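The structure under discussion appears below in the form of structure tokens.
Since every read-out is calculated from the coordinates, none of them should be taken as a lab result. All values reported here derive from a predicted model rather than from experimental measurement. Every residue, glycine among them, receives a Cβ derived from its backbone with ideal geometry; neighbour counts consider all protein chains shown.
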Amino acid sequence: IGGRVGTVVGRKLWGLSNDHQVLCITHLPQLAGFGDAHFKVAKRVNGDRTTTDVQPLDAAARIDEISQMLGTDGKATRQSAIELLKMVEGEKHKTA
């Protein structure tokens, strides 16, 4: 799905979280922005053993991660990540 539809799906998943626990794994920043908690999941391979590392992200790390999800980590992309998160907060407050 694309960004516009990702925002719609994110809004609907966030609405479900009023009555249900929702766990969503995504590479789509518009969808990830709706999460109340954001974690970075990384796979590591060492020889024949694979492990998974899960790290909770604070506000600054979340902006960094969403910037990377948008494709680059430049100043303009970082600003886009900030704007995306502000838009999501506005959506959440409208429907809360």
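Treating only the Cβ atoms of Lys and Arg (+1) and Asp and Glu (-1) as charged, compute the dipole magnitude of the chain about its Cα centre; round to the nearest 20 debye.
Value, rounded to 20: 200 debye.
Could you grab the relative contact order for the chain? Cα pairs under 8 Å, six or more apart, rounded to a whole percent.
Computed over the chain, the figure is 22 percent.
Highest first, please rank the peptides 3-9, 29-35 by the mean number of other Cβ atoms sitting within 10 Å of their residues.
29-35, 3-9
So how many Lys-Lys pairs in the chain land under 19 Å Cα to Cα, not counting same-chain pairs under 8 apart?
Values: 12/86; 12/92; 12/94; 75/86; 86/94.
Count of close lysine pairs: 5.
Starting with the highest mean, order 16-27, 46-57 by the number of other Cβ atoms within 10 Å, averaged over the residues of each peptide.
Details: 16-27: 10.4, 46-57: 8.8.
With the highest mean Cβ count within 10 Å placed first, the list reads 16-27, 46-57.
Give me the mean projected area, in nm² to one decimal, of the convex hull enclosing the Cα positions of the chain.
Result: 7.3 nm².
If I stretch the segment between residue 59 and residue 73 completely, what's the gain in nm (0.36 nm per residue apart, minus their alpha carbon distance), one decimal?
Extending this stretch completely gives an extra 3.5 nm.
On a full-extension model of 0.36 nm per residue, what is the gain between residue 22 and residue 87, subtracting their alpha-carbon distance, rounded to one decimal in nm?
Numbers: separation 65, 0.36 × 65 = 23.40 nm, distance 2.05 nm.
Using 0.36 nm per residue and subtracting the Cα-Cα distance, I get 21.3 nm.
Around residue 95, what is the net charge, scoring Lys/Arg as +1 and Asp/Glu as -1 over all other residues with Cβ under 11 Å from its Cβ?
Net charge around residue 95: +3.
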